[in-house]
Amino acid sequence: MKNNIFIYLLLFVLAVGSWGCTKDNYEAPKSQLTGRVVYNGQAIGLRSNGVQLELWQHGYAFFTKIPVNVDQNGAFSALLFDGKYKLTRQNGVGPWVNNTDSIDVQVSGNTIVDVPVTPFSVVKTATYQKDGTNITATASIETVTTTNPLEAVRLYVFRTALVDDVNQDAVISIPAAQILDITQPLTLTVPIPASLANAASVYVRVGVKTSGVSELAYSPAEKIQLK
């Protein structure tokens, strides 16, 4: 009887070990899907990991979304198996008009696809200069759609390039009501905070805030030498 129990246990261990080896031998996804969130061919600046896209693949027992984070430069990437996917934009998560239409994506090896959006407003250009203990930005703003009006234009200063509405050491905000002509360049000036007085450099960025929308659209982060 003891011999039989020993044999059964041995067979069970061998079976589990064999299953584990089979599982470990499954290949990991190797194809990289990359792209950008764009308007008129230009990437939209965002808060790093503040916006997610979703990938879906039909035809499998476990049908669930694959979340894809978008970085501050509007770029994204995901390692996937080759196949057909649906790429979707979530409602209410980005500084653009809602659009739930999915994009068909055929992943075959490394694949590139851009995701078009219609932003409410964007920063067309932004230039910066250090003036004594201040940093001044001159920005051109484009209002793309008036479905949600502009709330404010903001200038941010931070110690690293990951500068945005959450990560900032100093910010100046100009309410839309104080902007007489949005078609003309706008000047924003922010004092360099005491916490950065000894810093060799800082990063700056202009963002546009839309009423009723939590995420902003930003210009690219730019490094400013202080010393």
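Since every read-out is calculated from the coordinates, none of them should be taken as a lab result. If you're wondering where the values come from, they're calculated on a predicted model, not measured in any experiment. Note that we place each Cβ from the backbone using ideal geometry, even for glycine, and neighbour counts take in every protein chain shown.
Points to keep in mind about this one:
- FRET efficiency for Ser108 and Asn134, using Cβ-Cβ distance with R0 set to 45 Å, rounded to 0.05: 0.30
- Estimated FRET transfer efficiency when R0 is 22 angstrom, pair Thr187-Thr160 (beta carbons, to 0.05): 0.30
- Ratio of Rg to Rh over the chain (Cα coordinates, Kirkwood Rh, two decimals): 1.20
- Mean-position separation - Cα centroids, the stretch 27-50 and the stretch 193-209, in angstrom: 26 Å
- Summed side-chain charge close to Ser121 - residues other than Ser121 whose Cβ falls under 9 Å, Lys, Arg +1, Asp, Glu -1: 0
- Computed from the Kirkwood radius of its Cα pairs, the Stokes-Einstein diffusion coefficient for the stretch 121-225 at 10 °C and 1.306 mPa s stands at 115 µm²/s.
- With R₀ fixed at 45 Å, the C-beta to C-beta distance from Asn148 to Lys30 puts the FRET efficiency at about 0.65.
- Our estimate of slack between Thr64 and Gln42, defined as 0.36 nm per intervening residue step minus the Cα-Cα distance, is 4.9 nm.
- In the chain, the DSSP-assigned H stretches of four residues or longer account for a calculated mean residue ellipticity at 222 nm of -3500 deg cm²/dmol, using -39500 (n - 2.57) per stretch and the full residue count as denominator.
- Our analysis of the stretch 117-167 gives Rg over Rh at 1.02, with the two radii drawn from alpha carbon positions and Rh computed by the Kirkwood formula.
- Cα long-axis angle, helix 2-24 against the chain (0 to 90 degrees, to the nearest 10): 30 degrees
- Fully extending the segment from Leu79 to Ala197 would add 38.3 nm, taking 0.36 nm per residue of separation and subtracting the current Cα-Cα distance.
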